[in-house]
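Reading through the structure tokens given below for one structure.
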Amino acid sequence: MQYTAPHYYKKFHCTGSDCPATCCAGWQIQIDPSSLRKYRKMKGLLGSRLQNEIDWKEGCFRRYGGRCAFLNENNLCDLYLEGGGSRAFCRTCRTYPRHIEEFEGLREISLSLSCPVAAELIINSAEPVRFLHGENPDREENYDDFDFLLFTKLMDARSLIIRFLQNREHPFRLRAAVCLALAHDLQERIDRNALFEADTLFERYDSPGVWDWFSDRLEEIKKRANYADIQRDTEQALFSLLDHLEVLSPDWPPYLQQIRKVLSANGQSCLPEQDFSSFFTDTMEEQLLIYFVFTYFCGAVYTGNAYSKMKFSLAGTLLIRELVRGEWLQAPDQCDKETVIRTACRCSREAEHSDYNKVTMEQMLKEDKRFGIEELFSLL
């Protein structure tokens, strides 16, 4: 078994009760079948409490006021304290904020942006992300119908995308446009069952002239008479994605309403002001987009929708940027890196920690014509 993780992965340390956004509140904690069986057999006072504080039908811990039943007033876990440490945890509690994507012969491990400590490691990293590799030769497995050819091309495409995103000789908007177009063209070959053309596609995108070509194209699009209207409509469509998602935190809808009100009052343009660009930097956008791409792009081996995965990654990055911009417009003197981290965590919790929300966003990004490639270019 091969393993891959970003270089900052081992730097993570849970801050426990000092965490500004406990992972034991704000969402439902699902319990894996093995842990459920273990909890049913536990005796004593803790066993009795588990019997009462687990929703056995739904397979999750009960919540009170949005908080896990085992989260005490000191923001510490009673199950951990009374059950002998982490061995008492279910799989979700044992792994979070670690996120694992499973492929045949490979596990890709990342840190979830919804965790403040992880978000700080991701967003505040000045150096380009490096990926560390390991191997456990004693562990093997086989997946039925795993498409190795598609997976190989997705991995090749992702490596190229990450390399493009880390090319800091070019502005982020240009880097992101090239990567979006690459995913678009790869999808066209996937749909035609023409993956044998993928290598030629990658070579074309890896040629020196690609940067000038896309720079000229972005400028041509920007000069169109209806550019401002396209930009406004696409920004509205971007935020409308969030209207179709299930709400995980009760304070999310009023927060989102306020931010959208601020952005609307300051004009619909999604392009950040110069001062804001200095605050929310290209490097931050780079790290966010690479986080999403590394986490989700190769999952297209199970769905065949590489372009939708890339759109989802870009949408997540742009939504975080615009939410931060809304905060900045309200109180620029009070905004700092903690504002960016807090906002990224908040958005990630809503978008990423619900399978329904992720699937819904991908489906809308795929089917809604307002998310065409040139429409998305307008938001960069």
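Of the GluC sites (Glu not before Pro) in the stretch 1-86, the ones in a loop by DSSP (not H, G, I, E or B) with at most 13 other beta carbons within 10 Å are Glu58, Glu73.
The shape of the stretch 227-365 can be summarised by an equivalent ellipsoid whose semi-axes, obtained from the alpha carbon gyration tensor, come to 24, 16, 16 Å from longest to shortest. Distance between the 7 Å Cα→Cβ label points at Glu188 and Met42: 5.6 nm. Structure remark: mean-square fluctuation, Gaussian network model of the chain, C-alpha springs under 10 Å; the largest value among Tyr143, Tyr96, Tyr291 belongs to Tyr143.
A 1.4 Å probe, protein heavy atoms only, puts the accessible area of Val247 near 80 Å².
With the whole protein complex present, His7 retains an accessible surface near 20 Å², based on a 1.4 Å probe. Within the full protein context, the accessible area of Asp199 is estimated at about 70 Å² for a probe radius of 1.4 Å. Full extension of the chain between Arg224 and Lys337 yields a length gain of 37.1 nm, computed as 0.36 nm times the residue separation minus the alpha carbon distance. Helical runs (DSSP H, four residues minimum) scored at -39500 (n - 2.57) apiece and divided by the length of the chain put the mean residue ellipticity at 222 nm at -17000 deg cm²/dmol. Here the stretch 72-147 and the stretch 313-380 have alpha carbon centers that stand 23 Å from each other. Average accessible surface for the chain: 48 Å² per residue, computed with a 1.4 Å probe over protein heavy atoms with every protein chain in place. Shown for the chain is the translational diffusion coefficient from the Stokes-Einstein equation, using the Kirkwood radius over Cα pairs, a temperature of 4 °C and a viscosity of 1.567 mPa s: 58 µm²/s. With a 1.4 Å probe and all protein chains left in place, how much of the accessible area of the chain comes from carbon and sulfur atoms, in whole percent? Result for the chain: 48 percent of the exposed heavy-atom area is carbon or sulfur.
Against the main long axis of the alpha-carbon atoms of the chain, helix 148-165 sits at an angle near 70°. Return the loop-located trypsin sites (Lys or Arg not before Pro) in the stretch 83-146 (DSSP other than H, G, I, E, B) with at most 12 other Cβ atoms within 10 Å of their own Cβ; answer none if there are none. Here the trypsin sites (Lys or Arg not before Pro) that fit, given the DSSP loop and packing criteria, are Arg130, Arg139. Only lysines eight or more places from Lys337 in sequence, or on another chain, were considered; those with a Cα closer than 21 Å are Lys11.
Take every Cα pair under 8 Å whose residues are at least 6 apart in sequence, average their separation, divide by the length of the chain, and the relative contact order is 21 percent. Applying both filters, DSSP loop and at most 16 other Cβ atoms within 10 Å, to the chymotrypsin sites (Phe, Trp or Tyr not before Pro) of the stretch 20-97 gives Trp56. Take every DSSP beta bridge whose two residues both sit in the chain; close to 85 percent of them are antiparallel.
The values are calculated or read from the model by the stated rules, or taken from the named source; none is laboratory data. None of these values were measured; they are calculated from a predicted model. Glycine also receives a Cβ, built like all others from the backbone with ideal geometry; neighbour counts cover every protein chain displayed. Quick note on the areas: whole protein, heavy atoms, side chains included, nothing else; ligands and nucleic acids left out. Shrake-Rupley method; radii C 1.70, N 1.55, O 1.52, S 1.80 Å.
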